[in-house]
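The values are calculated or read from the model by the stated rules, or taken from the named source; none is laboratory data. Keep in mind that this is a model prediction, so the values were computed, not measured. Cβ coordinates were reconstructed from backbone atoms using ideal geometry, including for glycine residues, and neighbour counts include every protein chain displayed.
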Amino acid sequence: MNLTHRKATLVDVKNIVALLREDELGQIREQVQEKLDQRYIDAFHRINSDANQYLMVVELNSDIVGTCHLTVLPSLTLMGSTRLQIEAVRVSEKYRGMKIGEWMMQAAFQYAIEQGASIIQLTTNKKRIQAKKFYEKLGFESTHEGMKLYLQNK
């Protein structure tokens, strides 16, 4: 299998959003329309202009089959360590079971090493039981309880 990864471009955003919609939680949260919502475009530009962000797309024969969003987090904790946060991990439904997710995560691990990170962290929704098993198989441990506060736009 000829997999490659690269930094996403604006042209990729519609495909990325479509990947984010490919599960029950994403279908509620994300919108794919003929014309991409401006909020996605604005978010892409904020991500793309930040040197600590890497919005990865994984390609198989030039088709986007996966994505994840990597954020380098400098920190004072752990004696000034650098962390890599992994978010929005998705593999196209039609390509699941082909070890693309493992390949993408290994690429993310390599990126973390290149950025000098000493810890990699991620969160997964408690409803995504298979995702949790996948991350545990890669060596991740549930060491913290995550919390979120959603702010309303008023």
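Points to keep in mind about this one:
- Cβ separations smaller than 8 Å between residues 6+ apart or across chains give the following pairs from the range 16-30 residues that are of a type in the set (S, T, N, Q) to residues that are modelled with pLDDT of 70 or more: Gln27/Arg21.
- Residues of the range 61-101 classified as of a type in the set (A, V, I, L, M, F, W, C) and at positive phi, total: 3
- Residue match in the range 129-138 (condition: surrounded by fewer than 16 Cβ atoms within 10 Å (Cβ to Cβ), in a loop (DSSP other than H, G, I, E, B), at pLDDT below 95 and not basic (Lys, Arg)): no
- Residues that are surrounded by 12 or more Cβ atoms within 10 Å (Cβ to Cβ) and not hydrophobic (A, V, I, L, M, F, W, C) within the range 51-62 comprise Asn52, Gln53, Tyr54, Glu59, listed in sequence order.
- Test set (1) surrounded by 14 or more Cβ atoms within 10 Å (Cβ to Cβ); (2) under 23 Å from Gln130 (Cα atoms); (3) out of contact with any Cys (no Cβ under 7 Å at 6 or more places or on another chain); (4) touching a residue at least 12 places away in the same chain (Cβ under 8 Å) - Arg96 fails condition number: (4)
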